[in-house]
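What follows is calculated from the coordinates using simple rules that are stated; it is not laboratory data. Here the structure is a predicted model, which means the values were calculated and not measured. In this analysis, Cβ positions are derived from the backbone assuming ideal geometry, glycine residues included, and neighbour counts consider all displayed protein chains.
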Amino acid sequence: MKALLQRVTSAGVSVEGRCVASIGAGMLVFLGLDRADNRDVATRMMDKILAYRMFSDNAGRMNASITDVCGGILLVSQFTLSAETRKGLRPGFSSAMPPADAQPLYHWMLECLRQRHGDVAAGQFGANMQVSLVNDGPVTFLLELS
């Protein structure tokens, strides 16, 4: 499982020209699910996302989590994060979780994040989305778990 975290001042997702989700200051999370991922891996990833210190504390140090700053989370599924890119000039997706398996795990994670954090918006699984964001910093981290 891979989660690309971006600190944002705002972010939104549109599908077919219609805004389906948006947040103010917080974290945009692009989530890639691999074939071997399961709820145990997802739980560890959610723990890490919610506790990851990528926001400034009162001293200006990167020492506060999304829960500390009460920011929004925008969760967007992105299977291309699971691409194999080491060989050749075309990405391979054999390690990505098939959509029929990924969709229930993604929605389970979304509901768990909403229960634990509250201010969580989401893109539309499997849709062609237009994602807009104002990256703050920029601050971007790639978290990987297996």
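If you check residue 82 against the conditions, is it in contact (Cβ under 8 Å) with a residue 12 or more places away in the chain, under 22 Å from residue 40 (Cα atoms) and among the small types (Gly, Ala, Ser)? Yes: the conditions hold for residue 82.
Please enumerate the residues belonging to segment 113-146 that are in contact (Cβ under 8 Å) with a residue 60 or more places away in the chain and either touching a helix residue (DSSP H, G or I) at 6+ places or on another chain (Cβ under 8 Å) or of a type in the set (Val, Ile, Thr) (or both).
Selection gives 113, 116, 117, 122, 131, 134, 139, 140, 143, 145, 146.
Among the strands (runs of 3 or more DSSP E) confined to segment 1-89, the ones with at least 1 residues that are surrounded by fewer than 17 Cβ atoms within 10 Å (Cβ to Cβ) and hydrophobic (A, V, I, L, M, F, W, C) are located at 2-15, 18-23, 62-64.
Quick grid of which residues meet (1) farther than 17 Å from residue 12 by Cβ; (2) of a type in the set (A, V, I, L, M, F, W, C):
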{"residue": "72", "(1), (2)": "no, no"}
{"residue": "77", "(1), (2)": "no, no"}
{"residue": "84", "(1), (2)": "yes, no"}
{"residue": "96", "(1), (2)": "yes, yes"}
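Listed here are the residues, each with its yes/no results for (1) within 17 Å of residue 140 (Cα to Cα); (2) out of contact with any Gly (no Cβ under 6 Å at 6 or more places or on another chain).
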residue	(1), (2)
54	yes, yes
63	yes, yes
68	no, yes
72	yes, no
84	no, no
87	no, yes
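Name the residues in segment 85-99 that are within 11 Å of residue 35 (Cα to Cα) and free of Cβ contacts under 8 Å to residues at least 60 places away in the same chain, would you?
Within segment 85-99, 93, 94, 99 qualify.
If you go through segment 102-112 one residue at a time, how many are exposed (fewer than 15 other Cβ atoms within 10 Å of the Cβ) and either closer than 19 Å to residue 142 by Cα or in contact (Cβ under 8 Å) with a residue 12 or more places away in the chain (or both)?
Of the residues in segment 102-112, 2 are exposed (fewer than 15 other Cβ atoms within 10 Å of the Cβ) and either closer than 19 Å to residue 142 by Cα or in contact (Cβ under 8 Å) with a residue 12 or more places away in the chain (or both).
Residue 65 meets the conditions (1) in contact (Cβ under 8 Å) with a residue 12 or more places away in the chain; (2) closer than 15 Å to residue 145 by Cα; (3) not aromatic (Phe, Trp, Tyr) in every case but one. The failed one is (2).
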